Amino acid sequence: MSDAYKVQVVSPGKTHTGKQGFTYQSGISAETVGAKQVCMAVLPMPNGARANAHYHDGIETIAYLLEGECVVHYGERLERQLTVKAGEQAYVPGGVPHVPSNESGKPCTCIVVHSSGSDQDGIVMLPELDQLLTAKLEASKK
C-alpha cells in the first residue's frame with residue numbers, strides 16, 4: 001500500500017506558535033502529517049488574548065467555537081466586527097484582514113481550519129492595523 005493511503009492520527013500535546021501571535025494545539029497539517037490542501041488546529045484563547053492583524057493570501061479560514069465567545073474585527077481598516085458564540089462557525093474569505101479577540105472575560109476555545117496544508121501559509125501581517133485597533137478599543141473604553 002502506498003503512502004497516499006496512509007491514515008494518520010495526531011494526538012494532543014504538541015503546540016506551535018503562529019505569526020498571528022497565538023499558541024495553537026497542533027492538529028492536522030503539512031508539518032504533522034504532510035497535508036497539502038487543508039489543516040486544522042485547536043486554539044485556546046484566554047481572556048484578553050488578541051491576534052496580530054493579518055490576512056491569509058488566497059486561503060480561506062473557518063473557525064468553530066467550542067466554548068466561550070470571540071469577537072472578530074475585520075475589514076480593510078478593521079472597521080467591522082462580529083461576535084461568535086459557542087456552537088457557531090465563522091468564515092473568513094482569503095485576503096480579508098482580521099483579528100480574532102477574546103473580549104468576553106472568560107476563556108474561549110475554537111477549532112480553526114484553513115484551506116492550505118499549514119496555518120502559516122500565505123499570512124500577511126498588518127502591524128499598522130494593530131495600532132489602529134488598539135487606539136479604537138482604548139477610545140471605546142472612555
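The numbers here are math on the coordinates, done by the rules we state, and not lab data. In this text, all values refer to a predicted model and were calculated from it rather than measured experimentally. So basically every Cβ, Gly included, is an ideal-geometry build from the backbone, and we count neighbours across all protein chains shown.
Below is a table of values for the structure above.
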read-out	value
Within the chain, helix-based [θ] at 222 nm, where runs of 4 or more DSSP H residues each add -39,500 (n - 2.57), nearest 500	-4000 deg cm²/dmol
Flagged links, alpha-carbon separation over 32 Å, of K14/K85; K36/K141; K19/K136	K36/K141
Dipole magnitude of the range 16-141 about its Cα centre (Cβ charges: Lys, Arg +1; Asp, Glu -1), debye to nearest 20	200 debye
Of [x] 11.8; [y] 8.7; [z] 9.7, the label for mean projected area of the Cα convex hull in nm² derived from the coordinates	[y]
Gain in span if fully extended, Q131 to S11, counting 0.36 nm per residue against the direct Cα distance	39.5 nm
